[in-house]
1. Any idea which residue in the range B:1-19 is nearest to residue A:15 (Cα to Cα), counting only those that are without any contact (Cβ under 8 Å) to a residue 60 or more places away in the chain and more than 11 Å from every other protein chain (Cβ to nearest Cβ)?
2. Anything in the range B:92-123 that is within 11 Å of the chain's Cα centre (by Cα) and more than 14 Å from every other protein chain (Cβ to nearest Cβ)? List them, or say none.
3. Look at residue A:349 and say whether it is crowded, with 21+ Cβ neighbours inside 10 Å, in a loop (DSSP other than H, G, I, E, B), of a type in the set (Phe, Trp, Tyr) and modelled with pLDDT of 95 or more.
4. Looking at residue B:22 and the list (1) within 14 Å of chain A (Cβ to nearest Cβ); (2) buried (at least 16 other Cβ atoms within 10 Å of the Cβ); (3) outside any strand (DSSP E or B), which single condition is not satisfied?
5. Name the single residue that is surrounded by the most Cβ atoms within 10 Å (Cβ to Cβ) among those in the range B:30-49 being more than 11 Å from chain A (Cβ to nearest Cβ) and under 15 Å from residue B:100 (Cα atoms).
6. Assess whether residue B:59 counts as being modelled with pLDDT of 95 or more, touching a Cys at 6+ places or on another chain (Cβ under 9 Å) and not in a loop (DSSP other than H, G, I, E, B).
7. Which residue is nearest to residue B:80 (Cα to Cα), if the candidates are limited to the range B:129-144 and must be more than 14 Å from chain A (Cβ to nearest Cβ) and in a strand (DSSP E or B)?
8. Quick one: which of A:136, A:127 is assigned to a loop (DSSP other than H, G, I, E, B), over 23 Å from residue A:382 (Cβ atoms) and in contact (Cβ under 8 Å) with a residue 40 or more places away in the chain?
Amino acid sequence: MLKQKFARPVSVIGTSSLPQRTFDDPEYKDLSVYELWAAACNQAMQDAGVKPKDIDKVVYSQMANFVTCGNVMAPVGSLEEWAGLAGKPITHIEQACAGGYLAFNEAVNSVASGKYDIVMCAGIESPKHFNARNQPAYMLQPIQKYDGWWSPGRALFDTAYSRFDGVSDNLLTEEQGKYYIKHYGIDEKTLDDTYNAMAINLRYNASHNPRALARTPYSEIAKKAGYDDVMAYMRSKNNPKITQYIRKSGSVLHNVEAGAIIVCSSDIAKKYQDHPITVIDHAEVSNTQRFPFCFHQMNVDVRDALYGGQDNFNPDDLDLMITTVMTSGEQLDSAEVFGYLPEGEGYKYELDGRTRFDADKPINPHGGDLSFGHGFGCAGINMLSEAIFQMRGTAGTDQVPKPVNDVLVRGMGGGHTTVGILLENQD
Amino acid sequence: MYKLRPILKPYYDNLEKGKILGMKCADCGDVVWPPLPTCQKCGSTNLDWIDLGTEAVIDEIRFEDSSVAGDYTFRKADEFFVSKEPYCICIGHFPKGTRQFHAALYGVTEANKDQLISQLPITADAEFIQLDGGFKSVGFRVRA
């Protein structure tokens, strides 16, 4: 059993994760982020068996509210009333795509401090649509029409020194591949095959998850394009390289997201939930691109902070790892740094399909950011929700077919912040 | 389990037809406007649409000249109103409603404000405010 690290133990008692779609999808026709938010919060409260009056505090994560929600600032009051929570304390976290993880950590800390008993963290994000300032939230337009919409190369550019930072100009996408080749001696073709295999594995996972955004297996896509060998398709011009190492299939898919998680003091968790999950610890670091291989280093720093307080902990005993995969290199690097896959050997696990949800070393059973989808500030909430479903054994058709008792959730956002969270079934 | 359903679009579509919809909690009877899918009183999600009519009771008048603004960084909400007719802010409620609201109130001037305030509460008619984004919002107008 892992040692939970908080002065007051904290457990997860409820969650929700809406299907990963876009507002172009008929399933989300005539909706806005407000309806999705209300659904996410209410579903999580129903899952936890609590009413709005029972929630002591809300932590809300959204990255692009000013841009995508009609230039509205801090829409905390509106969001609260849509979920029946008007009058509660609420904190807005905006830390790019790390926001969802940090919202969870803030919720955990709020309970661990003893200040609050039950706290909900929730996220909403609409990366591909926005409503204009002079129109209501359901009158949506494609984000391409927004003058000055973000792209990683611009929005994550350091304007203090006009330098490349964060994920600007593919620093993230390339440096992990360069690091891997440099340190582990594999050639570029093997790395390419590894990344392609990873995309196939994640899509295989997503094809078993109705909530995922992209669910058609690459084998099926390849056949339709006239390829019997799916790897030949993945290496073809149908799946072009968008950087030196990363192909289109290895790049994040953006979509509208909503989800929520409710945590409470562990001593009252059983009152609400038959299967509470213990939050063991969390760690987070931020850095810049001042040093090469910063993304790798952030993984190292979070790992050391997270594992440092655990005696006799062997990361090989983890049942599942869920990790941000903005581009292919991130999954491979983080899985090895955190000891979930052996250092310098992880590529073989991807090539052999051993990271699929039904194999021996499952990673991102929901499909990860490459197939499940990614919604900026809400992404961390949904990644944690998947961990919770898996630990309860209620993930559905992408359920990992073994007991899932110890899980590492690792996230990254903006190229600046990396987070690690350990969860365990202790009841 | 709570199910997704559109709230904003049916509300605005009905404004185009001259109808103002709120939501009524089937569990505790609380009526909320503008409509929300979660009861503000009991937290239930068992709410149904209710037609609130086109008359409201105005409980308070907060008179100010809406054409006078502060610094350009502190502009008022009527920037997108097609009509630039001055309005003031009121607090009111619908006869079928259980909650008060803030709204724009037209027809109050320096000349009649003292008389109107002395007559409160008063009945006002809905004023469907055209916004330049191609939709209507709800305000009220005092009866002459």
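1. Quick first cut of the range B:1-19, residues without any contact (Cβ under 8 Å) to a residue 60 or more places away in the chain only: B:1-11, B:13-14, B:17, B:19.
Those left that are additionally more than 11 Å from every other protein chain (Cβ to nearest Cβ): B:14, B:17, B:19.
Numbers: B:14: 34, B:17: 39, B:19: 37 Å.
Step by step, filter the range B:1-19, then rank; the result is B:14.
2. Residues satisfying the conditions are B:92, B:93, B:94, B:103, B:104, B:105.
3. Answer is no for this residue.
4. That leaves (3) as the condition not met.
5. Per the criteria, the residue is B:33.
6. Criteria met by residue B:59.
7. My answer is B:139.
8. Result: A:136 is the single residue among A:136, A:127 that is assigned to a loop (DSSP other than H, G, I, E, B), over 23 Å from residue A:382 (Cβ atoms) and in contact (Cβ under 8 Å) with a residue 40 or more places away in the chain.
The values are calculated or read from the model by the stated rules, or taken from the named source; none is laboratory data. These figures come from a predicted structure and were not determined experimentally. FYI the Cβ positions are ideal-geometry reconstructions off the backbone, even for glycines, and counts take in every protein chain you see.
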